[in-house]
Amino acid sequence: MHFTTALSALTLVAAALAAPLTERSVTALSSSQLAGFAPFTQFARAAYCPSSKVKNWGCGEACKALPGFQPTLTGGDGNAVQLFFVGYWPQQNSVVVAHQGTDPTALMSDLTDLNFFLTDLDNKLFPGVSDAVQVHNGFGAEHAKTATTILAETKRIIAANGATQVMLIGHSLGGALAELDSLFMALNLPSSIHVKAVTYGTPRVGNPQFAALLDSKVCRHLFSLAGPVAHRGICAKVPDFVRINNEADLVPIVPGRFLGFQHPHGEIHILSPGNAVACSGDDNADDSKCTIKTVPNILEGDIINHLGPYEGIFIGTIFCN
């Protein structure tokens, strides 16, 4: 499954992020490093499949690509609550949480009609977070519907299997939920549990304070000289939040920055099949190869690119087979 090459790709992202904040830089990813993200892409694809198929890990090509994964909880109805699943991935000794996305045209309609606003995070779900940290009200409300259920199952799997890592994965709206989940898990799990997230075609979720907080929490941590005890908030140069954007996908540029939204670090932009770059910085437009410059406004975007291909893999309800 080329998981180790995904780690190499994350290292390249880290190198890009180490550049001065005043200077946007890009680092090319090799085709093998891009292929390393395939397991995450397949998890995102599987999240669109009916719970009846996911429950027995019989969701077609996506499930076949991930043999050995053990789903333990499915939920949502694909309408009022996005579909999701939680399970144990023995190969990586990890809990995996994946969220379904939504029809990209419907999502774009919701994100461009201005019928939304930034709101504080729920202090019960996100303990100790400042009121200055705000997120899209619709994303926050959707996340709250499943957060406690998913956290309880995550803790159960950790206890039952000795899992050392939690992976949050999603595409489109599911990517926004995975982004919120990654911060939620980082704040509610023991510091010994590593949290990482990989999202696809994700819209902006929160304000600059939210982006900065996620950057500081969802990352690889420095370790104490006295032993392997991670210190939350003291991050190494390797982020563990990656957001993958495909070509001229217009979803990642909304809601607009002029409305107070900002992406966190971690962009990987697929320019064409087998050709992608890791972009430094959070959400500026200094390099022509990064999404915000490639797609300066929604009129120059392509909604079809939202579905893929992400290195040969399409994501969406029609690709659950």
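A short reminder: the numbers here are calculations on the coordinates, not readings from a lab. If you're wondering where the values come from, they're calculated on a predicted model, not measured in any experiment. Every residue, glycine as well, gets a Cβ built from its backbone with ideal geometry; the counts of neighbours run over all protein chains shown.
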| remark: In a Gaussian network model of the chain with springs linking alpha carbons closer than 10 Å, the residue among VAL86, VAL133, VAL97 that fluctuates most is VAL133
| Pick from PHE258, PHE117, PHE184: which is most flexible by mean-square fluctuation in a GNM of the chain where alpha carbon atoms under 10 Å apart are linked? | PHE258
| remark: Checked the chain with the C-alpha gyration tensor, a ≥ b ≥ c its square-rooted eigenvalues, rounded below a/c of 1.5, otherwise prolate if a/b is larger than b/c and oblate if not; verdict rounded
| Once phi is turned into ³J(HN,Hα) by the Karplus curve 6.51 cos²θ - 1.76 cosθ + 1.60 with θ = phi - 60°, what whole-Hz value does each residue of the stretch 174-180 show in order, with x for glycine and proline? | x, x, 4, 5, 5, 5, 5
| field | Residues with amide H under 5 Å from that of PHE85, placed H, sequence gap 5 or more | value | ALA98
| field | Rule-of-thumb Rg ratio for the stretch 48-105 [Cα; 2.2 N^0.38 Å; N residues] | value | 1.12
| Between LYS155, LYS196, LYS217, which gets the highest mean-square fluctuation from a Gaussian network model of the chain, Cα cutoff 10 Å? | LYS155
| query | Between VAL81 and ALA144, what is the spin-label point distance in nm, taking each point 7 Å from the Cα along the Cα→C-beta axis? | reply | 1.5 nm
